[in-house]
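Q: The structure that follows is given in the form of structure tokens.
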Amino acid sequence: MQNFNGFGLAAPLVTALTQMGYAKPTPIQAQAIPVLMQGRDLIGIAQTGTGKTAAFALPILNRLIADKKPAPRGGARVLVLAPTRELASQIAQSFRDLSAGLSLDIAVVFGGVPHGAQIRALAKGLDVLVATPGRLLDHLDARVATLGAVEFLVLDEVDQMLDLGFVRPIRRIVRELPRKRQNLFFSATMPPDIRKLAGELLHEPAEVSVAPAATTVERVEQKVVHVDASRKCDMLVELFADPAFTRAIVFTRTKRGADRVARSLDQAGIGALAIHGNKSQGQRERALAAFRSGQARAMVATDIAARGIDIDDVSHVVNFELPDVAEAYVHRIGRTARAGKGGQAISFCDASERDSLRAIERLTRMRIFSLDRRGDKGPKPAPVVRKPAATAPDRPHHAPHRDPRAANQQPHRVRQGRRTRPTYQAKAAPAR
């Protein structure tokens, strides 16, 4: 399909698409929108950056426009579940952008922030609620949210939600939903456990796929660098000596590892910020803003924190450590080569990670080009750029406080005329 006019979307949605610069549907949109417009359940297999958010948002918004009714107090007509705060925020923003000019109430609910504003939004009633499972369960347990009026259930990045242990929370949430609803599953991979969950929750779903499950983005140039574990930081600094590394996401397995790698880059004079689950929501948002604006060339992230992050013009993805789960490799490198552009993915592999590399190659059904930088072929030690210590802002100088009673520099008890405790002196034992 050459444009969005053939889908039968409401005029406000077509206008919003034009203003956002969308002229031609992506493959997942061309396949999914007609099915969803018919009211059918759907399983969508699509990699990140393929436009799948608009693929489910447009039909849902079209139905809300055609069937106008008051938003249910304490609940929502549309429920979208996402694995991370960042992805939930981006989905909610996409709904707002596509529904510009329409009087729809859209809110996002996730952890790491106070409950008050979320409770007030739920109390008024919502047309679209985007939430992470954990915080939504908190509101359900507190009886400030009800889901009896939900007409659409969307599970985005289902494979990641299962990896994070959200199977039980999802089942608890589904028990609160009405039986009559439209269900949408979207994921970049489709392992057997997701098939099983889809069989439980979906009714005769259609399935659309823009790529075989667990395939990598074609426009990503992939490379593996075999390097000793102790030299990975040096290798990373060497990569950033290339001016083509304009905006790179570096993945680590652990939160502590993300902080350590960010410090190493910073010491080498490379602007880097870490983002992971131990960071507050404010810290994560500030780090993303600095990365988007170009203040930092590198963002070091864990898989959970970076899932769903939509940042334009990411030139490189670096797997500082290979993921424990092979499917995560597909999601990691999907951070680059978005919106039809190219990108590069470079993965470091030490001796302990060879099994992980073989698992990735089996999953993606491809042999990744490799370089050997071990031993004498390793990188040079990274230079250390000493930065001036941060200084606190100037404050008005105040004279030190002096106690007028201390003029004679005598002990407090002596000044008050009290006896001080005498020094204990040991007495010799009497002679026998």
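The values are calculated or read from the model by the stated rules, or taken from the named source; none is laboratory data. What you see is a predicted model, and the numbers here were worked out from it, not measured in a lab. Here the Cβ is made from the backbone with ideal geometry for all residues, glycine too, and neighbour counts use every protein chain on show.
Q: Kindly indicate the residue of segment 281-320 that is charged (D, E, K, R) and surrounded by 22 or more Cβ atoms within 10 Å (Cβ to Cβ) and also modelled with the lowest pLDDT among those meeting that condition.
A: Step one: list which residues in segment 281-320 are charged (D, E, K, R), which gives 284-286, 292, 297, 303, 307, 310, 312-313.
With the extra rule that they be surrounded by 22 or more Cβ atoms within 10 Å (Cβ to Cβ), the set shrinks to 284, 307.
Working: Arg284: 84, Arg307: 62.
Filtering segment 281-320 for residues that are charged (D, E, K, R) and surrounded by 22 or more Cβ atoms within 10 Å (Cβ to Cβ), the one modelled with the lowest pLDDT comes out as Arg307.
Q: Considering segment 125-165 alone, what residues qualify as being modelled with pLDDT of 95 or more, touching an Asp or Glu at 6+ places or on another chain (Cβ under 7 Å) and part of a helix (DSSP H, G or I)?
A: Leu140
Q: Here's a follow-up. Only one residue in Gly101, Gly111 is part of a loop (DSSP other than H, G, I, E, B) and at positive phi, so which one is that? I'd like the intermediate steps shown before the answer.
A: Working: Gly111 fails: at positive phi.
The unique qualifying residue is Gly101.
Here's the yes/no breakdown for (1) surrounded by 15 or more Cβ atoms within 10 Å (Cβ to Cβ); (2) in contact with a Leu (Cβ under 8 Å, 6 or more places away or on another chain); (3) more than 17 Å from Leu136 (Cβ to Cβ):
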| residue | (1), (2), (3) |
| --- | --- |
| Ala82 | yes, no, no |
| Glu86 | yes, yes, no |
| Ala92 | yes, no, no |
| Leu104 | yes, yes, yes |
| Phe110 | yes, no, no |
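Q: Does Gln281 satisfy being more than 23 Å from Ala337 (Cα to Cα), touching a residue at least 12 places away in the same chain (Cβ under 8 Å) and touching a Gly at 6+ places or on another chain (Cβ under 8 Å)? Spell out how you get there, then give the answer.
A: Working: more than 23 Å from Ala337 (Cα to Cα): yes; touching a residue at least 12 places away in the same chain (Cβ under 8 Å): yes; touching a Gly at 6+ places or on another chain (Cβ under 8 Å): yes.
It is true that Gln281 is more than 23 Å from Ala337 (Cα to Cα), touching a residue at least 12 places away in the same chain (Cβ under 8 Å) and touching a Gly at 6+ places or on another chain (Cβ under 8 Å).
Q: Let me ask something else about it. Could you please find all residues in segment 61-95 being within 24 Å of the chain's Cα centre (by Cα) and of a type in the set (Val, Ile, Thr)?
A: Scanning segment 61-95 gives Val78, Val80, Thr84, Ile91.
Q: Can we say Leu61 is in a helix (DSSP H, G or I), touching a strand residue (DSSP E or B) at 6+ places or on another chain (Cβ under 9 Å) and at pLDDT 95 or above? Write out each step before concluding.
A: Details: in a helix (DSSP H, G or I): yes; touching a strand residue (DSSP E or B) at 6+ places or on another chain (Cβ under 9 Å): yes; at pLDDT 95 or above: yes.
Yes, satisfied.
Q: So, one more: Can you pull out every residue in segment 230-276 that is free of Cβ contacts under 8 Å to residues at least 40 places away in the same chain and either part of a loop (DSSP other than H, G, I, E, B) or hydroxyl-bearing (Ser, Thr, Tyr) (or both)?
A: Ser230, Ala241, Asp242, Pro243, Ile270, Gly271, His276
Q: Next up: Among (1) touching a helix residue (DSSP H, G or I) at 6+ places or on another chain (Cβ under 8 Å); (2) under 19 Å from Lys69 (Cβ atoms); (3) basic (Lys, Arg), which single condition is Arg85 missing?
A: That leaves (2) as the condition not met.
Q: Determine which single condition Val210 fails, assuming it passes every other condition in (1) out of contact with any Pro (no Cβ under 7 Å at 6 or more places or on another chain); (2) surrounded by 15 or more Cβ atoms within 10 Å (Cβ to Cβ).
A: That leaves (1) as the condition not met.
Q: Here's a follow-up. Looking at the structure I just gave you, is Thr84 of a type in the set (S, T, N, Q) and modelled with pLDDT of 90 or more?
A: For Thr84, the condition - of a type in the set (S, T, N, Q) and modelled with pLDDT of 90 or more - is not met.
Q: Taking segment 18-36 only, how many residues are surrounded by fewer than 16 Cβ atoms within 10 Å (Cβ to Cβ) and in contact with a helix residue (DSSP H, G or I) (Cβ under 7 Å, 6 or more places away or on another chain)?
A: Residues flagged as surrounded by fewer than 16 Cβ atoms within 10 Å (Cβ to Cβ) and in contact with a helix residue (DSSP H, G or I) (Cβ under 7 Å, 6 or more places away or on another chain) within segment 18-36 amount to 1.
Q: Could you tell me which of the residues Ser352, Ser347 is among the hydroxyl-bearing types (Ser, Thr, Tyr), in contact with a Leu (Cβ under 9 Å, 6 or more places away or on another chain) and closer than 20 Å to Leu236 by Cα?
A: Numbers: Ser352 fails: in contact with a Leu (Cβ under 9 Å, 6 or more places away or on another chain).
Exactly one of Ser352, Ser347 is among the hydroxyl-bearing types (Ser, Thr, Tyr), in contact with a Leu (Cβ under 9 Å, 6 or more places away or on another chain) and closer than 20 Å to Leu236 by Cα, namely Ser347.
Q: While we're here: Do we find a residue being assigned to a loop (DSSP other than H, G, I, E, B), in the same structural domain as Arg335 (by TED's automatic domain parsing), within 20 Å of Asp324 (Cα to Cα) and in contact with a Gly (Cβ under 8 Å, 6 or more places away or on another chain) anywhere in segment 218-229?
A: yes
Q: Kindly list the number of the only condition in (1) touching a residue at least 24 places away in the same chain (Cβ under 8 Å); (2) closer than 22 Å to Arg179 by Cβ that fails for Lys69.
A: (1)
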